[in-house]
Amino acid sequence: MPVKNLLLSALIYVLTWHLEGPPADSSEPIALGDRLELFVDDLLIEQSTGITWKVHRPVPHEVVLVADQPWEGNTSAYFAVFQDGTRFRMYYRGSHYDTEQKRSAHPEVTCYAESRDGIHWEKPRLGLFEFAGSSENNIVWMGPGSHNFTPFKDMNPACPPEARYKALAGIKEYGGGLLALQSPDGIHWACVQESPVITEGAFDSQNLAFWDGHAQCYRAYWRIFKNGVRDIRTATSKDFLHWEPWRDLNYGDAPREHLYTNAILPYDRAPHILLGFPTRFLPTTQQVEPTFMASRDGVHWKRWLDAVIPLEAPQDRDGNRSNYMAWGMLRLPSRPNEYSMYATEAYYTGPGSRLRRFTYRVDGFISLHAESQVAEAVTKPIVFSGQRLVLNFVTRPEGWIAVEILDTAGKPLSGFARDDCAPLRGDAVQQVVTWKGGHDLRSLMGKPVRLRITMKDADLFSFQFATE
């Protein structure tokens with residue numbers, strides 16, 4: 001076919017889409033039920049015009065912890081945080097590098113801190129392990145794997161009380177691997193067995209595991225070298241000891257880059273989605289910077305290339321390995337519309353490394369973004385069970401968002417066309433979309449439809465067909 005005919009056909013297709021909607025699609029509609037959906041990938045979007053996906057950066061706040069005790073130091077790292085009832089727990093490596101002697105100043109230990117508000121952290125004197133002749137310290141583990149001891153609270157309903165807290169820790173014994181540990185209280189730890197439970201990898205990073213309630217299995221993620229590049233490997237397990245054959249992560253069309261820590265966890269508002277904040281390593285300068293990725297099966301990931309905490313962010317982040325994202329995402333008291341995350345700074349510099357708090361708005365990782373020109377996106381066919389459509393969005397002064405509901409052929413449904421929709425403006429985490437006929441969608445529940453989202457000067461983070 002001549003080039004001019006191809007161009008004419010493409011133009012006719014685009015105009016037809018815009019005026020009449022997308023062509024009929026015989027594929028099965030995506031069953032959403034009433035779950036929250038984030039725009040962290042393009043799974044739901046079939047066609048867009050003028051829309052871009054925008055990577056958002058968290059807002060920096062205060063330093064919450066300084067590793068300034070004799071058993072801590074300037075290479076304290078691999079922080080992990082999680083909520084446990086009304087308390088927040090933190091675990092991290094205590095270590096120091098003597099820059100003059102060019103060697104470690106003392107053996108590595110695992111330290112513990114806790115907080116009631118996620119901002120002010122205390123280092124309790126646990127009295128468990130002796131350091132320099134005293135047990136008045138917050139050392140929670142000094143056994144094998146102190147280099148990268150990474151705990152979590154096991155939310156598996158079948159978990160016995162004595163193993164409510166679990167951890168993976170990288171060891172050099174037995175040829176190297178990940179050792180499994182458990183604890184009844186998060187303070188007193190013991191090895192589950194002497195030999196490692198995972199053995200194929202590099203492991204000199206923050207290797208982690210957690211209970212995935214959506215998939216009903218344990219997931220582990222650890223570091224590997226693959227063809228000379230640092231990368232991430234995963235496996236699943238039903239009992240935390242016996243792991244299925246591993247698989248290396250697949251990033252689609254993203255370029256190969258060195259990825260150090262992974263900081264992967266289920267997103268609690270949408271547990272069918274896994275989020276990750278892998279640290280990109282820059283070999284030439286030895287610098288690191290956290291990035292963002294998302295997955296729906298734990299193996300195949302949409303990896304975004306922008307740094308979410310850049311090297312120039314405050315403060316002391318541009319040195320050798322001075323910018324790791326901690327593992328964990330916290331909802332702090334009286335702050336329901338944001339998540340607190342933490343990242344390291346001042347590694348190798350000064351007397352002790354530091355941990356700084358950052359915040360994301362709820363669901364605010366990636367957005368459908370529109371500039372001053374009107375833009376639109378049309379979803380694939382979907383089926384929902386909620387009674388109302390709720391959006392998480394922000395618009396600029398001249399901005400707005402409107403939604404129309406289409407049949408699978410792209411025709412607006414009566415009463416739900418764009419002109420029937422009351423435009424949404426402002427900044428809202430949960431705003432109900434209304435049409436002239438109201439907002440109750442019970443008549444459309446279980447029927448395949450599409451959404452056409454029209455936007456100007458706006459960011460759309462998530463949507464949900466919520467129940468009353």
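Each reported figure results from applying straightforward, stated rules to the coordinates on display, with no laboratory input. All values reported here derive from a predicted model rather than from experimental measurement. All Cβ positions, even for glycine, are placed from backbone atoms using ideal geometry, and neighbour counts span all protein chains on display.
What nm value, rounded to one decimal, do you get for the distance between E244 and Q430 when each label is placed 7 Å out toward the C-beta?
Computed distance between label sites E244 and Q430 equals 3.4 nm.
May I ask you to derive the FRET efficiency for A31 and K411 from their Cβ-Cβ distance with R0 = 25 Å, giving the value to the nearest 0.05?
E(calc), rounded to 0.05, equals 0.70.
Where a Cα-Cα gap under 24 Å defines reach, which lysines qualify for K166, not counting those fewer than 8 residues away within the same chain?
The qualifying lysines are K123, K153, K238.
Quick one: Cα centre-to-centre distance for the stretch 337-376 and the stretch 202-261, in angstrom?
When both Cα centres are located, 23 Å separates them.
Determine the principal axes of the Cα atoms in the stretch 59-361, then give the extent along each, sorted from largest to smallest and rounded to whole angstroms.
48, 46, 45
Could you work out the relative contact order of the chain? I mean the mean sequence separation of Cα pairs under 8 Å and 6+ apart, divided by the number of residues, in percent.
18 percent
Order the peptides 425-434, 40-49 from the highest to the lowest mean number of other Cβ atoms within 10 Å of their residues.
In decreasing order of mean packing, 425-434, 40-49 become 40-49, 425-434.
Would you list E108, E28 from fewest to most Cβ contacts within 10 Å?
Ascending Cβ contact count within 10 Å gives the list E28, E108.
Provide, as a two-decimal number, the C-alpha radius of gyration of the stretch 335-421 over 2.2 N^0.38 Å, N being how many residues it has.
Normalised Cα radius of gyration, the stretch 335-421: 1.70.
Could you give the nm distance between label points at N337 and A254, where each point is 7 Å from its Cα heading toward the beta carbon?
Placing both labels 7 Å beyond Cα along the Cβ direction yields 3.0 nm.
Given N residues in the stretch 258-330, what is Rg(Cα) / (2.2 N^0.38 Å)?
1.13
What's the exposure ranking of E122, E468, going from fewest to most Cβ atoms within 10 Å?
By the 10 Å Cβ count, ascending: E468, E122.
Straight-line reach from K172: which lysines have a Cα under 23 Å away, not including same-chain ones fewer than 8 places off?
Reachable lysines: K102, K226.
Could you work out how far apart the two model spin labels at H214 and R442 are, taking each label as a point 7 Å from the Cα in the direction of the beta carbon, and quote it in nm?
Output for this residue pair reads 2.9 nm.
Give me W246, W211 sorted ascending by neighbouring Cβ count inside 10 Å, so fewest comes first.
Taking fewest neighbouring Cβ atoms as first place, the list is W246, W211.
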